[in-house]
Amino acid sequence: MWIGRCGNGEIAVHDQMLSRVSFYSATGAFQRQQLTDAVLIWGCEADGSLIGATSTGASQTEQRGNVVRIAPSGAVTTLATNRLLIQIMMLGARMRASVGAARVVFGNGETPSVTLQRAGTTAPRTVAVGVSNRPPSEAQRSAAIEEWAHVMHGTPADYDRMRRFFADFPSATALPAYNGLFIDDATRTLWVERSVPGAGETILERRSLDDGTLTGLVRVPRDVRPLDVHGGRLVALFQNPETDEEELQVYALP
């Protein structure tokens with residue numbers, strides 16, 4: 001399930017099992033409902049158009065699909081065809097996307113580049129971001145096992161069983177070029193999460209939202225999982241090793 005806010009102030013809720021998106025006002029009043037065959041929704045534009053993906057097929061190791069814009073009328077515009085959506089393995093590449101007031105950015109990290117596109121258009125711009133694919137370290141694999149083991153809440157014994165299960169799960173031979181994409185409209189910035197948990201720090205590229213030009217690197221001195229960036233503030237999850245619990249943290253980005 002995905003929950004997000006549209007540029008027009010509505011709150012959208014995607015229920016994949018029921019193939020529908022429900023829209024609510026800022027106060028929670030139901031507004032409308034839209035059926036969709038999208039398997040993923042990443043965001044909602046100012047006019048209520050949804051950015052997501054439809055499936056074009058799946059195997060035991062990956063799922064592929066089209067990146068699409070779904071208008072409130074239900075009309076679908078294809079932005080990219082037959083892209084990798086997710087590698088079904090530890091540390092595998094997956095499609096990342098962020099939707100801003102006037103921009104959409106997406107990419108899966110198979111190559112160090114993303115597609116940056118103005119809202120309401122079909123003219124894409126390819127921007128080089130991230131780092132060339134590199135082999136994962138044992139620390140990064142261990143961090144991935146921890147993340148997967150904590151997908152569902154449980155007791156310490158439950159987490160230990162999940163760790164043992166995922167220890168035998170196949171891993172990607174190369175890390176994706178990036179691990180997250182975040183548009184911050186307030187500062188007109190595209191943030192690219194370059195690092196993969198396990199390195200002991202979280203590295204973010206700061207880029208111009210207009211053309212993708214790199215303007216700096218920011219390092220958070222611990223492994224966190226970025227969730228969003230807004231107004232120059234990073235919202236992230238930190239897995240506290242002492243309590244085995246997740247903590248929601250906020251960092252001011254320079």
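The values are calculated or read from the model by the stated rules, or taken from the named source; none is laboratory data. Bear in mind the structure is a predicted one, so any value in this text is a computation, not a measurement. Every residue, glycine as well, gets a Cβ built from its backbone with ideal geometry; the counts of neighbours run over all protein chains shown.
You will find that of 70, 41, the residue that is within 25 Å of residue 124 (Cα to Cα), touching a Phe, Trp or Tyr at 6+ places or on another chain (Cβ under 7 Å), touching a residue at least 12 places away in the same chain (Cβ under 8 Å) and β-branched (Val, Ile, Thr) is 41 and no other.
Within this structure, residue 110 fails the test of being acidic (Asp, Glu), surrounded by 15 or more Cβ atoms within 10 Å (Cβ to Cβ) and assigned to a helix (DSSP H, G or I).
Among the residues of the stretch 77-99, what is the count of those that are surrounded by 16 or more Cβ atoms within 10 Å (Cβ to Cβ) and in a strand (DSSP E or B)?
13
Quick grid of which residues meet (1) under 17 Å from residue 196 (Cα atoms); (2) out of contact with any Leu (no Cβ under 8 Å at 6 or more places or on another chain); (3) at pLDDT below 95:
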site: 74; (1), (2), (3): no, no, yes
site: 84; (1), (2), (3): no, yes, no
site: 87; (1), (2), (3): yes, yes, yes
site: 93; (1), (2), (3): yes, no, yes
site: 96; (1), (2), (3): yes, no, no
site: 115; (1), (2), (3): no, no, no
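Selection of the stretch 57-76 for residues being within 20 Å of the chain's Cα centre (by Cα) and surrounded by fewer than 14 Cβ atoms within 10 Å (Cβ to Cβ) yields only 61. When residue 135 is tested against (1) touching a Leu at 6+ places or on another chain (Cβ under 8 Å); (2) modelled with pLDDT of 90 or more; (3) surrounded by 12 or more Cβ atoms within 10 Å (Cβ to Cβ), just one condition goes unmet, and that condition is (3). Would you call residue 130 part of a loop (DSSP other than H, G, I, E, B), over 27 Å from residue 216 (Cβ atoms) and either among the small types (Gly, Ala, Ser) or touching a residue at least 12 places away in the same chain (Cβ under 8 Å) (or both)? For residue 130, the condition - part of a loop (DSSP other than H, G, I, E, B), over 27 Å from residue 216 (Cβ atoms) and either among the small types (Gly, Ala, Ser) or touching a residue at least 12 places away in the same chain (Cβ under 8 Å) (or both) - is not met.
Residues that are under 19 Å from residue 245 (Cα atoms) and among the hydrophobic types (A, V, I, L, M, F, W, C) were ranked within the stretch 154-165; the one that is surrounded by the most Cβ atoms within 10 Å (Cβ to Cβ) is 162. Is one or more of the residues making up the stretch 33-42 in a strand (DSSP E or B), of a type in the set (Asp, Glu) and touching a strand residue (DSSP E or B) at 6+ places or on another chain (Cβ under 9 Å)? Among the residues of the stretch 33-42, not one is in a strand (DSSP E or B), of a type in the set (Asp, Glu) and touching a strand residue (DSSP E or B) at 6+ places or on another chain (Cβ under 9 Å), which makes the answer no. None of 109, 154 is touching a residue at least 60 places away in the same chain (Cβ under 8 Å), of a type outside the set (Lys, Arg), out of contact with any Ser or Thr (no Cβ under 7 Å at 6 or more places or on another chain) and under 24 Å from residue 198 (Cβ atoms) except 109.
Residue by residue, here is whether (1) charged (D, E, K, R); (2) under 15 Å from the mean Cα position of the chain (by Cα); (3) farther than 20 Å from residue 4 by Cα holds:
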residue: 196; (1), (2), (3): no, yes, yes
residue: 202; (1), (2), (3): no, no, yes
residue: 209; (1), (2), (3): no, no, yes
residue: 224; (1), (2), (3): no, yes, yes
residue: 228; (1), (2), (3): yes, yes, no
residue: 232; (1), (2), (3): no, no, no
residue: 235; (1), (2), (3): no, yes, no
residue: 238; (1), (2), (3): no, no, yes
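Tallying residues that are at pLDDT 95 or above, in a strand (DSSP E or B) and either closer than 21 Å to residue 108 by Cβ or over 22 Å from the mean Cα position of the chain (by Cα) (or both) within the stretch 157-192 yields 7. Considering the conditions (1) under 23 Å from residue 228 (Cβ atoms); (2) within 18 Å of the chain's Cα centre (by Cα), residue 10 is excluded by exactly one of them, (2).
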